[in-house]
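*Asks:* Okay, here's the structure, questions in a sec.
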Amino acid sequence: MTLGELGSVEDKPEITQGEVKEVRLGEFQEAMASIGVDYQSMDYDDFGLSTIPLENIVVPLINILRKNDFGAVFSFHPYEITQDFDHPDHNLTGLATRFAASAQDVKNFNVRQYLGDEDITQETDSRPELYLWTTDSNQANKKIKLTRESRNRRNNYLVNNYGSQFPSKSKTRWGKIFDRITDKGIFKGHQEYYQQVR
């Protein structure tokens, strides 16, 4: 959704916002290639999602979902508050995704008024399953258990592909943060929690 230009790059304190954006985009592209995943970058301003009308985010997402006719969609829970990862862009992304996924099959929903002359994809015949990531076990109704191997692979993936945010010299610190999120005492066995909306 954004390219994180307001963030920093480890060991480069003088880097400009434009340079941060280039680094983050390059890392993202390489990370997606490493796991063979297609992607589309929305390129909204970092920390800017909460400052623009929600329909400007929702409607382009509807178009993407309709074009791809996804069977399942994963996003952030719109009301997630997580220590170390509390970010308004994550919450707004979750909210927009929930609306967009719900509208994937809504007939006669007029999106042209928002997208102008852009190619509009017609509604599909079904709505995707929707899973919203959370750390609140009271909201979650689905769990993905992480083995020690998969947990380590996740941590290594982040360090290896997103060096600007997760430098190798801080690998131990970031590993502990992710482990705390997925295993906070009550989250025994390193589980990730999702609220399945449908």
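The values are calculated or read from the model by the stated rules, or taken from the named source; none is laboratory data. In this text the structure is predicted, and so the values were computed from the model without any measurement. We place every Cβ from the backbone using ideal geometry, glycine too, and count neighbours over all the protein chains shown.
One line per residue, one yes/no per condition, for (1) more than 17 Å from residue 128 (Cβ to Cβ); (2) surrounded by 12 or more Cβ atoms within 10 Å (Cβ to Cβ):
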| site | (1), (2) |
| --- | --- |
| 23 | yes, yes |
| 32 | yes, yes |
| 36 | yes, no |
| 40 | no, no |
| 48 | yes, yes |
| 54 | yes, yes |
| 57 | yes, yes |
| 62 | no, yes |
| 70 | no, yes |
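*Asks:* Do the conditions hold for residue 181, that is, is it assigned to a strand (DSSP E or B) and either β-branched (Val, Ile, Thr) or modelled with pLDDT of 70 or more (or both)?
*Replies:* no
*Asks:* For segment 35-55, state whether one or more residues are modelled with pLDDT of 90 or more and in a helix (DSSP H, G or I).
*Replies:* Yes, that holds for at least one residue.
*Asks:* Can you pull out the residues in segment 148-178 that are of a type in the set (Gly, Ala, Ser) and at pLDDT below 70?
*Replies:* Across segment 148-178, the qualifying residues are 168, 170, 175.
*Asks:* Something else: Please go through segment 72-81 and give me each residue that is buried (at least 19 other Cβ atoms within 10 Å of the Cβ) and part of a loop (DSSP other than H, G, I, E, B), ordered by number.
*Replies:* Selection gives 77, 80.
*Asks:* List the pairs whose first member sits in segment 12-41 and is within 25 Å of residue 65 (Cα to Cα), whose second member is among the aliphatic types (A, V, I, L, M) and part of a helix (DSSP H, G or I), and whose Cβ atoms are under 6 Å apart, counting only residues at least 6 apart or on separate chains?
*Replies:* So the pair list comes out as 39/32.
*Asks:* Just to be sure before I move on: is residue 73 among the aliphatic types (A, V, I, L, M) and either more than 23 Å from residue 2 (Cα to Cα) or modelled with pLDDT under 90 (or both) in the structure I sent?
*Replies:* Criteria not met by residue 73.
*Asks:* Modelled with pLDDT under 90, out of contact with any Leu (no Cβ under 8 Å at 6 or more places or on another chain) and not basic (Lys, Arg): which single residue out of 14, 22 fits that description?
*Replies:* Being modelled with pLDDT under 90, out of contact with any Leu (no Cβ under 8 Å at 6 or more places or on another chain) and not basic (Lys, Arg) holds for just one of 14, 22, which is 14.
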